[in-house]
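Student: One structure follows; several queries about it will come next.
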Amino acid sequence: APAPRQAPPSQSSGKRGVPGIEAIIAVASGKGGVGKSTTAVNIALGLAANGLKVGVLDADIYGPSMPKLLGIHGKPETVDGKVLKPKENYGLKVMSMGFLVDEETPMIWRGPMVMSALTQMLREVEWGPLDVLVVDMPPGTGDAQLTMAQQVPLAGAVIVSTPQDLALIDARKGLNMFKKVDVPLLGIVENMSYFIAPDTGKRYDIFGHGGAQREAERLGVPFLGAVPLEMGIRESSDAGSPVVAAKPDGAEAKIYKDIAAKTWAQLQAGKGAAETGPSIVFE
């Protein structure tokens, strides 16, 4: 009889998968304001452009960004009054607290309420079939992040940082949190990496240069790519049509598609490693 294969770490650690979703990845950052949601949505669109079925879960309960970023509004429909149907745009299935609560209503919730909302948006939504669900995590390393990391079989995490030291200190915390809960690190994205003046073409390293790349090398984590500080990226995000959807053949879209392809390659490599299991060496 063939030897039983070792279950991938997520299953063996007792985390329940979500029916119909092959892999769940988290896009996270140690602090706010580094452009994590814009990065998450463009990576999701990049994965979809590479031919995958993709969903986005906006796990930021206090500051949901996906309705604005993807230009989606209105309450989601339900299937038989119980399960929510995700909203869709640009070929992505999306769920966000922003669809359920008015944009200007503050979410004055304690931890347990946030946890229960997250669990519902993940498990009581008709997601499948999806190749990958991209979870846009709230910034930091608090309750919501730990719940996602401990209760969801995350196939990996992508950390978004800007190049300067302050952001990197916080990014390091995010990296260490995922390490502690055994979530594989798929890599680091350096956002707002440099600015190219549209009139002269001169490059300015506004936030310093290559900090996230050096950090990735230092930690032995893949460096997924550098995204410039570019008005087109910001304008298309604000207009509800992220750059990969708005200008699929442009230079910025290519950067995100490359990051998405590298992320997917890391995911596949991780799967392979999990399936082969540890090798037993007899001394």
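The values are calculated or read from the model by the stated rules, or taken from the named source; none is laboratory data. Keep in mind that this is a model prediction, so the values were computed, not measured. Backbone-built Cβ (ideal geometry, glycine too); neighbour counts: all protein chains shown. To get the accessible areas, we keep the full protein, side chains included, count just its heavy atoms, and leave off ligands, DNA and RNA. Shrake-Rupley method; radii C 1.70, N 1.55, O 1.52, S 1.80 Å.
Student: Go through the residues of the range 93-115 one by one and say whether even a single one is of a type in the set (G, A, S), touching a strand residue (DSSP E or B) at 6+ places or on another chain (Cβ under 7 Å), in contact (Cβ under 8 Å) with a residue 12 or more places away in the chain and open to solvent by 10 Å² or more (accessible area, probe 1.4 Å).
Tutor: yes
Student: Which of the residues that make up the range 37-75 are of a type outside the set (A, V, I, L, M, F, W, C), buried (at least 20 other Cβ atoms within 10 Å of the Cβ) and in a loop (DSSP other than H, G, I, E, B)?
Tutor: Across the range 37-75, the qualifying residues are D60, P64.
Student: Now for a different question. Considering only the range 117-125, I want to know if a residue exists there that is open to solvent by less than 30 Å² (accessible area, probe 1.4 Å), touching a strand residue (DSSP E or B) at 6+ places or on another chain (Cβ under 7 Å) and assigned to a strand (DSSP E or B).
Tutor: Yes.
Student: For the range 129-153, give me the residue count where each residue is more than 16 Å from L47 (Cβ to Cβ) and open to solvent by less than 60 Å² (accessible area, probe 1.4 Å).
Tutor: The total comes to 12.
Student: Tell me which residues, restricted to the range 27-36, are farther than 16 Å from L224 by Cα and buried (at least 24 other Cβ atoms within 10 Å of the Cβ).
Tutor: Of everything in the range 27-36, just one residue is farther than 16 Å from L224 by Cα and buried (at least 24 other Cβ atoms within 10 Å of the Cβ), namely G30.
Student: Can you name the number of the only condition in (1) at pLDDT 80 or above; (2) in a helix (DSSP H, G or I); (3) surrounded by 21 or more Cβ atoms within 10 Å (Cβ to Cβ) that V160 fails?
Tutor: Here V160 meets the rest and fails (2).
Student: Please go through (1) surrounded by 17 or more Cβ atoms within 10 Å (Cβ to Cβ); (2) over 21 Å from A260 (Cβ atoms); (3) not acidic (D, E) for I196 and return the number of the only condition it doesn't satisfy.
Tutor: Condition (1) is where I196 drops out.
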